[in-house]
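Data block below; observations after.
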Amino acid sequence: MMEKDYYRILGVDRKAGLVEIKKAYRKLARKYHPDLNPGDKSAEAKFKEIQEAYSVLSDPKKKSQYDQFGFAGDVPPGGAQRGPGGSGFDGFNFSDFGTSSFRDFFENIFSGGAAAPQARVRPERGEDLIYTMKIGFEDAIRGVQTKIRLTRLANCASCQGAGSTSSGKQRACPTCGGSGRAFMQRGYMKFSAACPTCGGGGAVPGANCPDCRGEGLVQKPELINVRIPGGVDAGSKVRIPEKGNVGKNGGPPGDLYITIDVMAHPLFKREGSNIFVKVPVTVPEATLGAKIEVPTLEGTSMIKIPPGTKSGQKFRLRDKGVPLPGRKVRGDEYVEVTIVPPPFSDQRVRELMKELEKIAGDNPRTDMGVH
C-alpha cells in the first residue's frame, strides 16, 4: 500500500511519460514556489511535497521501485522495509548501512562489495531570481518594453561548466581508490555504498578550472529585454522564463521574476482598476452649475457640474480607468470636485461676499447643535 500517491500529487496519470511529468512539475512548482507565496506555510509544504514526488517519478530507477513496492529509496514512510505484500521487516534499517536500495544491499552481500562504479550526479534546476523594477504611473497602465541589466550564474566558458580544465587529467578518487564504492562496517557485517567524494564514478578531476575555481559556474552580467504588460500594479510580478541562474549538471535554468514598483503621479491616484483625481471648481461654478474640462489618461474630457454641487462630490467617467491585463475592459475614473473660495484680498469680492452673506447667510452648522 502506497504511503503517498505521487501521481495524484503531480496530477498525472500512472502511465504518464517523463515529458508529461516534467511539464506538470514545472507548472505546480511555479504556482507554489515560496518566493511567490511569502509566509504561506501551506504553499511551502505543498512545494516540498511536489519536489518529493518529482524526485521519484523523474528517476527511472526510483519510479520502478515505487510502482512495484509503493515507496522509493532506502526506507518507506513509517521506517520499516515493505515488500509487495505490505508486510513489515523490522530486523534491519538498510539506510543505516549506507546502501541506497534493495539491489545495492543484496549486490554487496553476494558480490563481496565489488560493485561496478555508478555515477549518482543528477541534473538540478537553477534558482529563480527576483528583480525589483520601478516604473512610471502611466507606463504601468499602458505597458512598457525596456531592458534591464542583472548578474546571474552561468556556465563557466572556460570549462563549459565541468569545473576542471580539459588538459587536467583525471585521477583515481583518493577516498575509494578508484572503485567508486566506500565501505563501512556495523558489527559483524560490512557494507558498501557509492563513494561520497566521486559520486560512484571512481575518478575526480585532476585540476580545477582557474576561472571558476572548480565550481563550473561564474557570475555573468547580462542585458535582458523585458516587456511589462499594461495594467500592472505595485507588487505585481512578471515572469521571464529561463532567465534565472543556470541549472547544475545539465539541469534547466530557473526563471526571473520582476517585482513592479510604481511611482506616484502628481494628479492621479489608483485603486485597483479605477483612478481618482481631484479637480478645483469656483464658487459660481459649484453654485450655478457648469461644464468643466478634467484631465484623463488619454487627455481631457468634459463633465457637467450640476447647480448646488458640494465640495467632495464625485463624478464618474466610465471606461476612463486602468485596462485590465488580458481583457478588453477597463476601470472608471472618479472626479472629486473641491470648491475654491475667491481671492479675499480683492475689495470688490469682499463686498459681494458680504452682500451674499445677507441674502444666503443661513448657518450651515445648525443641524450640528452649534451656532
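Scan Val238, Val294 and give me the residue that is surrounded by 14 or more Cβ atoms within 10 Å (Cβ to Cβ), in contact with a strand residue (DSSP E or B) (Cβ under 9 Å, 6 or more places away or on another chain), at pLDDT below 95 and of a type outside the set (S, T, N, Q).
Val238
Only residues in the stretch 7-27 that are over 14 Å from Lys46 (Cα atoms) count as the first member; pair them with residues that are of a type in the set (Phe, Trp, Tyr) and modelled with pLDDT of 85 or more, Cβ under 6 angstrom, at least 6 apart or cross-chain, and list the lot.
Pairs found: Arg14/Tyr7.
Residue under question is Val329, and the condition is that it be under 19 Å from the mean Cα position of the chain (by Cα) and not assigned by TED's automatic domain parsing to the domain that holds Pro34; does it hold?
no
Being surrounded by 15 or more Cβ atoms within 10 Å (Cβ to Cβ) and touching a Leu at 6+ places or on another chain (Cβ under 9 Å): is that true of Leu18 here?
When the stated conditions are applied, Leu18 does not pass them.
Among the residues of the stretch 213-246, write down those that are touching a Lys or Arg at 6+ places or on another chain (Cβ under 6 Å) and not in a strand (DSSP E or B).
Gly230, Asn245
Hey, any hits in the stretch 329-345 for a residue that's under 30 Å from Lys237 (Cα atoms), in contact with a helix residue (DSSP H, G or I) (Cβ under 6 Å, 6 or more places away or on another chain) and of a type in the set (A, V, I, L, M)?
So far as the stretch 329-345 goes, no, none of its residues is under 30 Å from Lys237 (Cα atoms), in contact with a helix residue (DSSP H, G or I) (Cβ under 6 Å, 6 or more places away or on another chain) and of a type in the set (A, V, I, L, M).
Show the residue pairs meeting these rules: Cβ distance below 6 Å; 6+ apart or different chains; first residue within the stretch 334-349 and under 30 Å from Ser273 (Cβ atoms); second residue of a type in the set (Gly, Ala, Ser) and in a loop (DSSP other than H, G, I, E, B).
As it stands, the answer is Thr338/Ser311; Ile339/Ser311, since those pairs meet every condition given.
Restricted to the stretch 274-286, and to residues that are more than 12 Å from Pro341 (Cβ to Cβ) and of a type outside the set (A, V, I, L, M), which residue is farthest from the chain's Cα centre (by Cα)?
This residue is Glu285.
Among Ser100, Ser87, Ser64, which is surrounded by fewer than 16 Cβ atoms within 10 Å (Cβ to Cβ), of a type in the set (Ser, Thr, Tyr), over 30 Å from the mean Cα position of the chain (by Cα) and modelled with pLDDT under 50?
Checking each option against the conditions leaves just Ser87.
Considering Leu317, Leu352, Leu324, which residue is surrounded by 12 or more Cβ atoms within 10 Å (Cβ to Cβ), over 18 Å from Pro280 (Cα atoms) and without any contact (Cβ under 8 Å) to a residue 60 or more places away in the chain?
Of the residues listed, the single one that is surrounded by 12 or more Cβ atoms within 10 Å (Cβ to Cβ), over 18 Å from Pro280 (Cα atoms) and without any contact (Cβ under 8 Å) to a residue 60 or more places away in the chain is Leu352.
From the set of residues in the stretch 247-278 that are among the hydrophobic types (A, V, I, L, M, F, W, C) and part of a strand (DSSP E or B), which is surrounded by the most Cβ atoms within 10 Å (Cβ to Cβ)?
Ile275
The values are calculated or read from the model by the stated rules, or taken from the named source; none is laboratory data. All values derive from a computational prediction rather than experimental measurement. Every residue, glycine as well, gets a Cβ built from its backbone with ideal geometry; the counts of neighbours run over all protein chains shown.
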